[in-house]
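Bear in mind that the values in this text are calculations on the coordinates, not laboratory data. Keep in mind it's a predicted model, so treat the numbers as computed, not measured. Note that each Cβ is placed from the backbone with ideal geometry, even for glycine, and that neighbours are counted across all protein chains shown.
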Amino acid sequence: MGLLERIQARRRGEHKRAWPVGQGELIAPDYAYGHDQSEFAPEEYGNYAATSNDIHSVVTQRARLMSGIQLRFYSGRGSDKTEVTDHPAVDLFSYVNPFWTGERLARMDEMCMGLWGETYWALEGPRGRPSEIWWLKPSRVKPIPHESGYIQGFAYHSVSGQILTFEPWEICWFRYPNPIDEFAPLSPLAAARLAADTSKAMATSNEAMFKRGLQVAGLIVPPADKVTFSEEQAKDLERQLERRLSGADKAHRWAVLRYEAQFKQLAITPKDAEFVAGAGMTFRQVCRVYGMQAALLNELDNATLANATAFERIEWTRALKPDAEFRAAEIREQYLPRFRRGPDWCEYDLTSVPSLQESATESWTREAQALDRGAITINEWRKGKGMPPVPWGDRPYLPVNKAPVGPDGQLQMPEPPAGGNPPDDEVNPANQPPQSTGAKAAVLDHMSARKLLASFGPINGVKL
């Protein structure tokens, strides 16, 4: 249906679906309680932050990094954008509500994205001018689909069992895309859960082995198979070893036994070695799901100080930066339209990320070369950076030693305008060719020149 047909249908009062497959996709419980997301983001996913060492390490590290970059707001787009620093939409990011800071909100949002794959904001205040942002626990919020409007609202299932409903314009919903269910997020924990559970089971088993298992440093046995210790001999031997050799202050002492015995030391078993290798493998699997580098989270296999910067650059360029751009696009789509006559563009400032500044240096070098060759002017470059123009920035600045080459291979230097002032090099007498006075110049040979210099005497103590 074209634009003209849509306008005519609207004038005739005919209702046209905005979501063409809505009637066939929705079921009755979605209208009453909201869409069920428990298959991809169940409530128990939140417990992994407190019970899984691997998930806690990766999720909190992402939250620290993502909350450290600043979101900047602009009016206009592309090269025409100018930064906006004084507007309610900008101020609200610093003062989200009377009890939370913007940094706390950003860190909580990223932790929720890592656990449930989604996060919610409730915007308080009159429509067109929100005054507060409140975080909502994702596992308690369910979107209510609409057969034509796509989203009818949101249902918040409180602890008391009460269901609170919100209008679409009161909620900002950030979520990872899910090709299986578009109304549910695809949590990264859904893919990392098996590795996290395996690591947790290995750690639990190892803990039980230390608590209830047989853990001894070694054994003392009779020297021959047919010889045995009596109960009194065994207790006496144990008392003597405990009194004489136990403790750090008694290390390396000589042991004197009243009867012959054999010492056997117990080493690490193959099963113990499998536990150590398995713990590293499961942690790397979790890091792979979240796009994080295990070497930067104290998994020091193949990690050195020399390649730490390379790992950080990979982490930002392949995971954190794309996620930040995706998040900024959602804020532009959902948050900025809530304000009247406000900024219409926002993006994260990544200049504070040290590992990305090498590429910024390369970009600066290319732009400087374009300036030197007259491809762009100073004001054109400043416009692309969202900076105001300067009075002297509309004309290109080029090196004076460059000129086009003509067909004859000679430089084509610009001719001075007729009646104008000559260039400085033509006015300066030092640049003028020598003028003949009519008198014949004296010619000195080598020996005559040396005699002439010697007649002046020593200069600065040096005899010429």
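Just a few scattered comments:
- Amide H contacts of ILE151 (H built 1.01 Å from N, in plane; Pro and chain starts excluded): HIS146 sit under 5 Å, all sequence-distant by 5 or more or on other chains.
- In the stretch 47-110, trypsin sites (Lys or Arg not before Pro) in a DSSP loop with at most 16 other beta-carbon atoms within 10 Å: ARG77
- Potential extension, ALA329-PHE229 segment - 0.36 nm per residue separation minus Cα distance: 28.2 nm
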